[in-house]
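Asker: My questions will all concern the structure given below.
The values are calculated or read from the model by the stated rules, or taken from the named source; none is laboratory data. Bear in mind that the values here come from a model prediction, so they are computed numbers and not experimental data. Cβ placement follows ideal geometry from the backbone for every residue including glycine, while neighbour counts extend to all protein chains displayed.
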C-alpha cells in the first residue's frame, strides 16, 4: 500500500515539471504488507555439473508457488555461470512456506556445503511497499514484481528529473534513506569454499533489477538496440563494476532471461545489482556520462518511435531494512555482496 | 500506519460483542513505516563485573538517541543477572544510525567475545506497524513503544474475546500469520561461550512485552496485586517456561524496571517473551487455567475499582518477518532464543 505520509522532506520534482516521455509505475489492486523478490541460484563449476538439470527441474515443480517467477542466467565476475530462479510474492507467509516446503526450497536447505561440487546462493529482498519504486517505458507489458496477480501498472508523471526515483519511494517523504554504514571493501576475500555463509548488507542498501526487452523489435529498432543502446548500457554497467568502491556497487550481475521450456536465451535481459545507498545510484545517474548516454539515447528513440517503440525498459528498486541477509553455499568469494558485506556469518 | 486492508480473513469478534472492561490501544499521529524495539543487554557473571557500570553509563549517554528507552533487569534461566536497555524508534534510519554511532552501540560492536568475562546480547524487533498490536488497561499511562513522541493511545473495543489480539493486528485481515517452521528444541546446547552468534527465529515468530505497573497502588490494591495478581501472573509464566516445547515458548524473561537515576527497582515489571506463533499464544490464553485465573482476576478488580484502579497492565506484541535475527556475545547457551533457534550463525 502507498502510505499517505505527512511529508517532512521536500519532493525533488521541479515546479511545473512535465516529463519528456510517458512512464508507468507499479500499484496494487489491494493493500500489501511486504513485497518479496527471491533470488535462488546455482553457481556452476567450470567443468559443469548434472545438478543444473535438477535445479531447473525443481524450479519448474515448485508447489505452493510464487505469484510470478522467471529463469535467468548470468556469467559472474569470476567467470562462473549461474542459473537463477527469481520469484515474487505479495504474501510474505506464502513465501516463507515455499522456502520450507517447495522442492526447490528443500533442495537448497539440504545442500551440504562441504560435499557439493557446485555453489548455490539465495538472496531474499523483502520490504514494505513504501520501500519499493518501479518504472516502465510501456504500459502494456508487466515485469518483475509487476507480473504478480494483483499488481498493475499506473501512469506516472514522477519521472524525467533527477530525484524522480527517490520521489517514487513513498517513504522518501519522511526518510532520507541514508546508509548507516560506510561502503568499504573487505580487506581479505571471504573464506567461502565448502561453507554456508550469511552476508549482511547495511540498513538502506539498495537493490535494483533493471530490465530490457527487445523480443518484438525488428529492423531499425532491433538494429538500434543491439548496436547502440545495448553497448551504452553495458558501458555503464562496466563502469559501475570497475569503480565499485567509489560508485557504491556491492554486486552487479547482468542476467539474460531463459525460456522456461526450451531454456534458450530470450531477448530479455536485466541487471540485478546492489548499491550501498540510493544516493550512490543517484550520483552515478546525475554525474556520469555513461548514464547520460543511456538516458539520452532511450528518450530520443522513445520520441522518434512513440507508441511504436518496441524496445521496452523498466526497473524495480528496493531499499532494504537493516536485517536483510543473503546466503552463499560453497560459492567463490566474489559472489554477490561477499566482497563488501559488513557482516559475514557461518551457518552452523 | 494502519493499512486499509481488504479483509480476506473473517474477524474473530463475535457479533454484537461489548467488552466487559474498557481498553486502549496505540496509534500514531502520523504514518510510520517501521517500528523498532531494540533490546541491548549485558549478562553478568556470578562473580560480578565492573562492566555493568560502564554499560549503565553508556546507556545514559546514548547520542542521536531513541524516541524512548527504559532500563530493565532480569534474572534468567541460568540464574544470571541481565541489565537491559530497551529502546524504541519510529524512524528505522535513526535506529540504524544509533547502533552505529551511539556510545552504547559502539561499545557493543567492539566487544571481543573471546576476551570478555561477561555476556552481551542484542535483540532487535522491527516490523511494519500492521504487525504490531497493543493494549492497555488505562488511557492516562503510556508504555513501551507508546512512550515515543508521536504515539498516542486510542480507545478500542477490539478486546475481551478470544481472538481480539489477532484482530488488533491490521495484517491479520489478510494473513493468518502461521509459522513457517515447526517449534523444535535444538538437540544439543549451542556452543556459545567466547563467540558472537546470530540466532534466527522463523517467519511469524511472535514477540511480546507484557507489563504491570503498580507504582501508585496503596492499601487494598497494593495488597491485592502483591498477594493475588502477581502470584497468578508468575504461575502463568512458570507454566510457559516449564512447558516451552508444547506452548511454543522460545524465550521468556521476567524483567523489572530500574529507576534510571538511582538504579533501584521500580514497581513496574514486564514479561519479554518470544513464541513460535500467534496461535501458540492464543492456545495458552484460551485453554490454560493459569491464563484464565490472571484474566478473571484482572477483570474483577477492574470492575471493582473502575477508574480508581491503580494497577495498570498493558502489552505490545510484534509478529516478526522472516529475516529477524538476534545476537549473543559470549552468553550462556540458554540465553534468549538460542535453545530453539532454527538457525544459528557464527559472526566472523
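Asker: Could you grab me the full set of residues in the stretch B:101-118 that are closer than 11 Å to residue B:62 by Cα and surrounded by fewer than 17 Cβ atoms within 10 Å (Cβ to Cβ)?
Answerer: Scanning the stretch B:101-118 gives B:101, B:103, B:106.
Asker: Under 9 Å between Cβ atoms, at least 6 apart or on separate chains: pull out the pairs that start in the stretch B:44-66 with a residue that is over 20 Å from residue B:264 (Cβ atoms) and end on any residue that is exposed (fewer than 12 other Cβ atoms within 10 Å of the Cβ).
Answerer: Final answer for the pair search is B:46/B:79.
Asker: Something else about it: Answer with yes or no whether residue A:75 is touching a helix residue (DSSP H, G or I) at 6+ places or on another chain (Cβ under 6 Å) and under 25 Å from residue A:270 (Cα atoms).
Answerer: On the way: touching a helix residue (DSSP H, G or I) at 6+ places or on another chain (Cβ under 6 Å): no; under 25 Å from residue A:270 (Cα atoms): yes.
When the stated conditions are applied, residue A:75 does not pass them.
Asker: While we're looking at this one, here's another question. Do we find that residue B:8 is within 14 Å of residue B:120 (Cα to Cα) and out of contact with any strand residue (DSSP E or B) (no Cβ under 7 Å at 6 or more places or on another chain) in this structure? Spell out the reasoning first.
Answerer: Details: within 14 Å of residue B:120 (Cα to Cα): no; out of contact with any strand residue (DSSP E or B) (no Cβ under 7 Å at 6 or more places or on another chain): yes.
No.
Asker: Could you say whether any residue in the stretch B:228-251 is in a strand (DSSP E or B), within 14 Å of chain A (Cβ to nearest Cβ) and under 15 Å from the mean Cα position of the chain (by Cα)? Walk me through how you get there before you give the answer.
Answerer: Step one: list which residues in the stretch B:228-251 are in a strand (DSSP E or B), which gives B:249-251.
Subsequent filtering for residues that are within 14 Å of chain A (Cβ to nearest Cβ) retains none.
Checking the stretch B:228-251: not a single residue is in a strand (DSSP E or B), within 14 Å of chain A (Cβ to nearest Cβ) and under 15 Å from the mean Cα position of the chain (by Cα).
Asker: Identify the residue in the stretch A:45-71 that is touching a helix residue (DSSP H, G or I) at 6+ places or on another chain (Cβ under 6 Å) and farther than 30 Å from residue B:131 by Cα and, among all such residues, is modelled with the lowest pLDDT. Outline the logic, then answer.
Answerer: Within the stretch A:45-71, the first condition is being touching a helix residue (DSSP H, G or I) at 6+ places or on another chain (Cβ under 6 Å), and the residues that meet it are A:58-59, A:61-62, A:64, A:68.
Now drop any that are not farther than 30 Å from residue B:131 by Cα, which leaves A:58-59, A:61.
Working: A:58: 93, A:59: 91, A:61: 85.
The residue in question is A:61.
Asker: Any idea which residue in the stretch A:160-177 is nearest to residue A:11 (Cα to Cα), counting only those that are outside any loop (DSSP other than H, G, I, E, B) and within 22 Å of the chain's Cα centre (by Cα)?
Answerer: So in the stretch A:160-177, the residues outside any loop (DSSP other than H, G, I, E, B) come out as A:164-168, A:170-173.
This time we only want the ones that are within 22 Å of the chain's Cα centre (by Cα), so: A:164-168, A:170-172.
Numbers: A:164: 9, A:165: 11, A:166: 9, A:167: 6, A:168: 10, A:170: 11, A:171: 11, A:172: 9 Å.
Only one residue fits best here, namely A:167.
Asker: To continue, here is another question. For the structure I just gave you, tell me whether residue A:139 is modelled with pLDDT under 95, more than 14 Å from the chain's Cα centre (by Cα) and under 28 Å from residue A:325 (Cα atoms). Spell out the reasoning first.
Answerer: Numbers: modelled with pLDDT under 95: yes; more than 14 Å from the chain's Cα centre (by Cα): yes; under 28 Å from residue A:325 (Cα atoms): no.
Judged against the criteria, residue A:139 is not a match.
Asker: Which of the strands (runs of 3 or more DSSP E) contained wholly in the stretch A:85-157 include at least 2 residues that are out of contact with any helix residue (DSSP H, G or I) (no Cβ under 8 Å at 6 or more places or on another chain) and within 12 Å of chain B (Cβ to nearest Cβ)? Quick ask: steps written out before the conclusion?
Answerer: Numbers: elements: A:119-127, A:132-136, A:151-156.
Result: A:119-127.
Asker: Let me ask another. Restricting the search to the stretch A:31-68, which residues are buried (at least 23 other Cβ atoms within 10 Å of the Cβ) and part of a strand (DSSP E or B)?
Answerer: Answer for the stretch A:31-68, where residues must be buried (at least 23 other Cβ atoms within 10 Å of the Cβ) and part of a strand (DSSP E or B): A:35, A:36, A:37, A:40, A:41, A:42, A:43.
Asker: Do any strands (runs of 3 or more DSSP E) entirely within the stretch B:299-348 hold 2 or more residues that are within 14 Å of chain A (Cβ to nearest Cβ) and in contact with a helix residue (DSSP H, G or I) (Cβ under 7 Å, 6 or more places away or on another chain), and if so, which? Lay out the reasoning, then the answer.
Answerer: Details: elements: B:312-319, B:325-329, B:343-347.
Answer list for the stretch B:299-348: B:312-319.
Asker: May I pose another question? Could you please give the count of residues in the stretch B:261-277 that are under 13 Å from residue B:250 (Cβ atoms) and not in a strand (DSSP E or B)?
Answerer: Of the residues in the stretch B:261-277, 2 are under 13 Å from residue B:250 (Cβ atoms) and not in a strand (DSSP E or B).
Asker: A follow-up question, please. Restricting attention to the stretch A:178-215, and to residues there that are assigned to a loop (DSSP other than H, G, I, E, B), surrounded by 19 or more Cβ atoms within 10 Å (Cβ to Cβ) and touching a strand residue (DSSP E or B) at 6+ places or on another chain (Cβ under 8 Å), which single residue is farthest from the other protein chains (Cβ to nearest Cβ)?
Answerer: A:214
Asker: Do we have residue A:79 as over 22 Å from residue A:201 (Cα atoms) and either buried (at least 16 other Cβ atoms within 10 Å of the Cβ) or more than 10 Å from every other protein chain (Cβ to nearest Cβ) (or both) here? Full working, then the answer.
Answerer: On the way: over 22 Å from residue A:201 (Cα atoms): yes; either buried (at least 16 other Cβ atoms within 10 Å of the Cβ) or more than 10 Å from every other protein chain (Cβ to nearest Cβ) (or both): yes.
When the stated conditions are applied, residue A:79 passes them.
Asker: Among the residues of the stretch B:183-229, count how many are free of Cβ contacts under 8 Å to residues at least 24 places away in the same chain and either within 27 Å of residue B:283 (Cβ to Cβ) or touching a helix residue (DSSP H, G or I) at 6+ places or on another chain (Cβ under 7 Å) (or both).
Answerer: 1
Asker: A further question follows. Does the stretch B:150-164 include one or more residues that are over 19 Å from residue B:295 (Cβ atoms), touching a residue at least 12 places away in the same chain (Cβ under 8 Å), in contact with a strand residue (DSSP E or B) (Cβ under 9 Å, 6 or more places away or on another chain) and buried (at least 21 other Cβ atoms within 10 Å of the Cβ)? Before you say what the answer is, go through the steps one by one.
Answerer: To start, the set of residues in the stretch B:150-164 that are over 19 Å from residue B:295 (Cβ atoms) comprises B:150-155.
Still in the list and also touching a residue at least 12 places away in the same chain (Cβ under 8 Å): B:150-155.
Applying the additional criterion that residues be in contact with a strand residue (DSSP E or B) (Cβ under 9 Å, 6 or more places away or on another chain) yields B:150-155.
This time we only want the ones that are buried (at least 21 other Cβ atoms within 10 Å of the Cβ), so: B:151, B:153.
For the stretch B:150-164, residues over 19 Å from residue B:295 (Cβ atoms), touching a residue at least 12 places away in the same chain (Cβ under 8 Å), in contact with a strand residue (DSSP E or B) (Cβ under 9 Å, 6 or more places away or on another chain) and buried (at least 21 other Cβ atoms within 10 Å of the Cβ): present.
Asker: While we're here: For the stretch A:15-26, how many residues are under 24 Å from residue A:208 (Cβ atoms) and either within 14 Å of chain B (Cβ to nearest Cβ) or assigned to a loop (DSSP other than H, G, I, E, B) (or both)? Give the derivation first.
Answerer: Residues of the stretch A:15-26 under 24 Å from residue A:208 (Cβ atoms): A:17, A:19-26.
Keeping just the survivors that are either within 14 Å of chain B (Cβ to nearest Cβ) or assigned to a loop (DSSP other than H, G, I, E, B) (or both) gives A:17, A:19-22.
Adding up the residues that qualify gives 5.
Asker: Hey, another quick one. Run residue A:72 past the list (1) assigned to a helix (DSSP H, G or I); (2) crowded, with 21+ Cβ neighbours inside 10 Å and report the number of the one that doesn't hold.
Answerer: So the condition that residue A:72 fails would be (1).
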